[in-house]
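The values are calculated or read from the model by the stated rules, or taken from the named source; none is laboratory data. Values in this document were obtained by computation on a predicted structure and should not be read as measured data. Positions of Cβ are backbone-derived with ideal geometry, glycine not excepted, and every protein chain shown enters the neighbour counts. Heads up: the accessible areas ignore ligands, DNA and RNA and are worked out on the full protein's heavy atoms, side chains in. Shrake-Rupley method; radii C 1.70, N 1.55, O 1.52, S 1.80 Å.
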Amino acid sequence: MAKSIDVSDVNIYYGDFLAVQGVNMSIRAGAVTAFIGPSGCGKSTFLRSLNRMHEVIPGARVEGKIVVDGQDLYGPGIDPVAVRRTVGMVFQRPNPFPTMSIYDNVLAGSRLNAKKIKKADADEIVERSLRGANLWQEVKDRLGKPGMGLSGGQQQRLCIARAIAVQPEILLMDEPCSALDPISTSAVEDLIHQLKDDYTIVIVTHNMQQAARVSDDTGFFNLKATGEPGHLVEFNPTKKMFANPDDPATEAYISGRFG
């Protein structure tokens, strides 16, 4: 069941350095939200704060509230591992586990969460997840083969299958197509459209056309100067952002005048 995310007054630090400042936004359930903006403006840092991956870095911390389904992900007593089960993540470069088969790659997260999975249940999770990632037909006859033997685009869809196998409510994608060729990119974009029926999806992209194609809402991040914190300039429905943005800086970035 897809969930909304309400973000209030979020500041993100690396040690003493304030990397992202004062973010407020409401991410709609069952929609695709894109974050755009120039390199180094905090998009990926903010994305990682949504499933508490940011704090894996020594000295990194988050202030403010990120609320999913009435629960502040940074509230006292909240287990970050449980947060990451609810909020899955797909990274920029496809990262199947190199020593694992396609089958075992899909099950990796589920096996971390459960002591023992029956073979029939494992088979069901693998098929459901690979179908969900539009990969089943391509790999069903070689599930025992290494995941690294797939093409780049297939590897990325395998990583999406691995993320959805644990049935999260929210799926974060950090530039999921930046390492892929145009045909694979198109396959992943088609998949994003299908997945939003079941998940809230948040994607970071450097590709303006991709943001326009796949997202319902868009947030534009920027920084005032090098060494200054990144901040959210504007958050609006994607059609409005690309046709008639509220902020001149958004218009300048989208039209290619900087960034």
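Results, tabulated for the structure shown:
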| read-out | value |
| --- | --- |
| Residue in the stretch 109-121 that is surrounded by the fewest Cβ atoms within 10 Å (Cβ to Cβ), counting only those that are touching a residue at least 24 places away in the same chain (Cβ under 8 Å) and among the small types (Gly, Ala, Ser) | 110 |
| Residue satisfying all of: in the stretch 65-78; surrounded by 15 or more Cβ atoms within 10 Å (Cβ to Cβ) and not β-branched (Val, Ile, Thr); farthest from residue 16 (Cα to Cα) among these | 73 |
| The listed residue being surrounded by fewer than 19 Cβ atoms within 10 Å (Cβ to Cβ) and in contact with a helix residue (DSSP H, G or I) (Cβ under 7 Å, 6 or more places away or on another chain), out of 105, 95 | 95 |
| Residue within the stretch 122-136 that is in a helix (DSSP H, G or I), closer than 30 Å to residue 6 by Cβ, free of Cβ contacts under 8 Å to residues at least 40 places away in the same chain and of a type in the set (Ser, Thr, Tyr) present | yes |
| Selection count, the stretch 207-259, where residues are open to solvent by less than 30 Å² (accessible area, probe 1.4 Å), over 17 Å from residue 33 (Cα atoms) and among the acidic types (Asp, Glu) | 0 |
| Boolean, residue 106 is of a type outside the set (Asp, Glu), without any contact (Cβ under 8 Å) to a residue 40 or more places away in the chain and part of a helix (DSSP H, G or I) | no |
| First in the stretch 60-74 and free of Cβ contacts under 8 Å to residues at least 24 places away in the same chain and more than 12 Å from residue 86 (Cβ to Cβ), second anywhere and part of a strand (DSSP E or B) and open to solvent by less than 30 Å² (accessible area, probe 1.4 Å), Cβ under 7 Å, 6 or more apart | 72/66; 74/62; 74/66 |
| Any pair with Cβ under 8 angstrom, 6 or more apart, that starts in the stretch 141-161 at a residue that is part of a loop (DSSP other than H, G, I, E, B) and ends at one that is open to solvent by 10 Å² or more (accessible area, probe 1.4 Å) and at pLDDT 95 or above | 143/101; 143/103; 144/101; 144/103; 145/101 |
| The stretch 152-190: number of residues that are touching a Leu at 6+ places or on another chain (Cβ under 9 Å) and open to solvent by less than 20 Å² (accessible area, probe 1.4 Å) | 14 |
| Matching option when the condition is open to solvent by 10 Å² or more (accessible area, probe 1.4 Å), in a strand (DSSP E or B) and either modelled with pLDDT under 95 or not aromatic (Phe, Trp, Tyr) (or both), among 23, 62, 81 | 62 |
| Test: residue in the stretch 183-201 that is closer than 17 Å to residue 24 by Cβ, part of a strand (DSSP E or B) and in contact (Cβ under 8 Å) with a residue 40 or more places away in the chain | no |
| Near pairs, Cβ below 8 angstrom, 6+ apart or cross-chain, from the stretch 213-230 (assigned to a loop (DSSP other than H, G, I, E, B)) to any residue that is surrounded by 23 or more Cβ atoms within 10 Å (Cβ to Cβ) and hydrophobic (A, V, I, L, M, F, W, C) | 215/32; 215/34; 215/203; 216/32; 229/20 |
| Checking residue 178 against (1) outside any loop (DSSP other than H, G, I, E, B); (2) closer than 23 Å to residue 36 by Cα; (3) among the polar types (S, T, N, Q), the condition it does not meet | (1) |
